[in-house]
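Visitor: Quick one: this structure, given as C-alpha cells, is what I'll be asking you about.
Just so it is clear, none of the values below were taken in a lab; they were calculated from the coordinates. A quick note: this is a predicted structure, and the numbers were derived from the prediction, not measured. Neighbour counts run over all protein chains shown; Cβ positions are idealised from the backbone, glycine included.
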C-alpha cells in the first residue's frame, strides 16, 4: 500500500478497528459494500487496494463507531450532541450513519426540504439508489416531503408527499432515531444533532406538515 493510500486507511488501522468493534472481515465487507477478499488484502498490506474501496471501508468503520487518528491510531468514537460533517462525501457519511443507526431496530427516516436527484446526476444518483435499496433490505422506510411539482421519485411512490412551496424550508433535514441531520447549504456542511427530545419535537412538526401534504400526482410522470 502506498503512502497516499495509507493516509486514508492503513492495514493496521483496519485490524485495530475491527478488534475494537469485535467484528469479522466479512462484517466489514458487508457494511462497506465490498468483497471480503478486499478487506483481507487491505489487512495483509501486500497488495494495493483501490482508493474507492479504501474510502468505503473507512466510512463503514467510522459509521460503526470508531474514530481513525493520525498514524495508525484508532479509538472508539465519542458520542457528541452535535457533530459537524464536511467534505465531498458528507452525504454518504450521513447515509451510512442512518443505516447503522436504524439497521437493528428498524424504523423510518423523515426527510424534508430536499430535492431528489435524477439520472443526470450520474454517480450521485446511483449511490442514492443503492442507499435506498440498502434501507429497504434492512426494513427501513422513509417519508419524504417534496416541493409541489417535483416528480423525481427514486424511492417507492408511497414514501413521498407534496408540500406547498410556502412550507418548503431552505434547510434540508432528516430525522432518524434520536438524531437530526441538518444540511447547511451555504457552508457545504451537515450538522447531526443527537438529542431525543429535539428529535421528538421535530418529528411532531414534520408530522403536522405530512398531514396537510398531498400525494404526489403520479399522472404527471405516468403510472405503471
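Visitor: By how many nm would the segment from residue 26 to residue 47 lengthen if fully extended, with 0.36 nm per residue of separation less the alpha-carbon distance?
Guide: Gain on extension, residue 26 to residue 47, equals 5.7 nm.
Visitor: Next question. Kindly identify the stretch 101-205 as rounded, prolate or oblate by the Cα gyration tensor criterion: order the square roots of the eigenvalues as a ≥ b ≥ c, call it rounded if a/c is under 1.5, otherwise compare a/b with b/c, prolate if a/b is larger, else oblate.
Guide: rounded
Visitor: For residue 217 paired with residue 103, estimate the spin-label separation in nm (one decimal), with each label point 7 Å from Cα along the Cα-to-Cβ line.
Guide: It works out to 4.1 nm between the two label points.
Visitor: While we're here: To check you understand DSSP bridge types, tell me what percent of the beta bridges within the chain (both residues inside) are antiparallel, rounded to 5.
Guide: 70
Visitor: Right, here's the next one. Using a 7 Å offset from the Cα along the Cα-to-Cβ direction at both residue 82 and residue 188, what is the distance between the two label points in nm, to one decimal?
Guide: Reported label-point gap for residue 82 and residue 188 is 2.2 nm.
Visitor: Determine the percent antiparallel among the DSSP beta bridges restricted to the stretch 126-224, to the nearest 5.
Guide: Antiparallel: roughly 75 percent of the beta bridges in the stretch 126-224.
Visitor: Mind checking the angle between helix 11-21 and the chain's longest principal axis? C-alpha axes, 0 to 90 degrees, to the nearest 10.
Guide: 60
Visitor: What number results when the radius of gyration of the chain, computed over Cα atoms, is divided by 2.2 N^0.38 Å?
Guide: 1.10
Visitor: Neighbouring Cβ atoms within 10 Å as the yardstick, rank 124, 103, 179 fewest first.
Guide: Fewest to most other Cβ atoms nearby, the residues stand as 124, 103, 179.
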